[in-house]
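Everything on this sheet refers to the single structure shown next.
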Amino acid sequence: MDARASAVLLGGCLSVSLCCCSDGVPGGWGSPEASVDVAPSLPDSAPSTDLLSGLPEADLPGDVGSTDVEGEGPSPDAGPTDAGAPSASCASPQGLTLAPGGPTVLSGDTTGAADEYPGVSCGNVNGPWPGGQLYYRVRLAAGMVYRISLVTGSWDGALYAFPAATACSGASVDAACTGYSSDQVGNNVTESLFIAPATAGDWVIAVDSWSAPYDYGPFTLTIETGTPPLNASCANAQALALGPGTTTVQGDTSAFVPNEHPTLSCGGKTPYTGPQLYYKLPLVGGTTYRFKLTADFLAFFYLFTSATCIEADIEADCASDGASGDTMWAAAQTPLELAFSPKKSGTYHLAVDSWSPSVSGAFTLDVSELVVPTLCAPLSFNFEGDCGGLAATNDWECGCFAFQAGASCDPAAAPPKAAHSGTAMWGTRLNDCYAPLGNNVNGGPSGCCNELPNDDSVLRFRVKIPAGWISATLSYWSWEDLHTPYDWAEVRVDGIPVSSTQLCGPYAAPTAWVKRTVDLSAQVGQTVEIAFHMLASLGTGYAGWYIDDVSVTGGP
């Protein structure tokens, strides 16, 4: 159901051309019907070369003994060696046996199934699931990773799992399945979750839905077995070595990668419950680094300094807004950059993650030093033939203006007709509206507050202000066509916001260039970083932010 890059063009009058792409039919009520088919191999049309063989019989643990008491875990009478009948009761799940030579494939149907625990959500942002569900019990071995996939077709399903020893109550199941659930909104999607048991034992798999009246029907459940890559664990993070230029690493989180920290959110609203891969590398304190992530899926990226690999320690670091770590979010096929300046030298960990076990895929991560120039005041730029050497991330571009409205543009977009002076300037994309990068999308509860500034489109430079001056002023000519209150522009001095444009105000199309100033008198005798931050949401895009004729002046 549906209810629920940066390119810097140095000198000359060049036009810029970039491309950034973003990424129920109710069934009829009838008599309960189900079919159970356990297949020893994948269908002929499905690839199987990357799947490891099933577990040998000798690796399976013995029977788990218990008594069938209401409120306790599932009864052993429907053990994994008994096919049994489809069951909508946690206490008597249908038993499954893993196929020895390949994936296990099962067909089922939730038509007519009753709902047992309508409040169960497993901590998933798309829960709870008050639809009818079916339960299955399977024995899993330690040291392996199991990928469990659900295909529902024309209805919106949900998938979750929990240890069979869990008491059969809504609260107990809800706590036990946290980190082991998948629910993507919409029909015709594949739900997937990963289980990596620390000890051998039985698990219960539930096929559920978010709507009792509309979402039910036939489905296919597949269980595959594999070995996770070493760097699926924080303790085994892959070491990277930074050299001159750009260091590039490619990875894939869809290859039997379990989730390690199910409640980690880096201070955001959405926990990172998807599969993740870890890397580590040495960084030098006071140096600015550019981390550019391009993924086939909606991905989260985070940095942390803690070597304990304990979730609480990672959370504290990656939620620190640059103090000891940071985080960013990147839409599918939309490159996004994070600028990070470590406070001290040391080994830093980084991870590529996602919000759901079903959201995974290939990615490319580029790491390089972002050279931020240090200039001496007084200074003045008009950017004619020289972009000033300013450091830019994401959408900021320098060159001659050649605006052409693209697919991301709102019809009301109001770009400038020309640069403020001459023909060249800086802008958040010179030939199109700014990209819907989704900066701050996983920020905290505040409304108009830039809580994740380091993944913005940022244009920056450092300036040394003479000690003999009494006053100093940053001046620039600005054109701001932004989708407020969702998108905004701000100037930061040494990371502190000093000027915000149209922050939380109603949208008003610009009609002329505006001269803006920032008082830097308190920074006389210091070297400070000036940064122009443009924050873009995932929604409508207007023309963007354009800057021309920048100067820092003052005197005794």
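Hydrophobic (A, V, I, L, M, F, W, C) and modelled with pLDDT of 85 or more: is that true of Ala472 in this structure? Working first, answer last.
Working: hydrophobic (A, V, I, L, M, F, W, C): yes; modelled with pLDDT of 85 or more: yes.
Yes, satisfied.
Scanning the stretch 227-236 for residues that are part of a loop (DSSP other than H, G, I, E, B), in contact with a Leu (Cβ under 8 Å, 6 or more places away or on another chain) and surrounded by 16 or more Cβ atoms within 10 Å (Cβ to Cβ) yields a count of 1.
Test Phe291 against the stated conditions and say whether it is under 22 Å from Ser356 (Cβ atoms), outside any loop (DSSP other than H, G, I, E, B) and among the hydrophobic types (A, V, I, L, M, F, W, C). It would help to see each step written out before you state the result.
On the way: under 22 Å from Ser356 (Cβ atoms): no; outside any loop (DSSP other than H, G, I, E, B): yes; among the hydrophobic types (A, V, I, L, M, F, W, C): yes.
So Phe291 fails the test.
Within the stretch 289-318, residues that are at positive phi sit with their Cβ atoms under 7 Å from residues that are surrounded by fewer than 17 Cβ atoms within 10 Å (Cβ to Cβ), at 6+ positions apart or across chains, in these pairs: Cys309/Ala235.
Within the stretch 161-181, residues that are of a type in the set (Asp, Glu) have Cβ atoms under 6 Å from residues that are in a loop (DSSP other than H, G, I, E, B) in these pairs: Asp174/Val120, counting only partners at least 6 apart in sequence or on another chain. Only residues that are more than 13 Å from Ser265 (Cα to Cα), at pLDDT 95 or above and in contact with a strand residue (DSSP E or B) (Cβ under 9 Å, 6 or more places away or on another chain) were counted in the stretch 306-325, giving 1. Reported count of residues in the stretch 503-556, each being assigned to a loop (DSSP other than H, G, I, E, B) and in contact with an Asp or Glu (Cβ under 6 Å, 6 or more places away or on another chain), is 6.
The values are calculated or read from the model by the stated rules, or taken from the named source; none is laboratory data. Please read all numbers here as calculations on a predicted model, not as lab measurements. Virtual Cβ from ideal backbone geometry, glycine too; neighbours counted across all protein chains shown.
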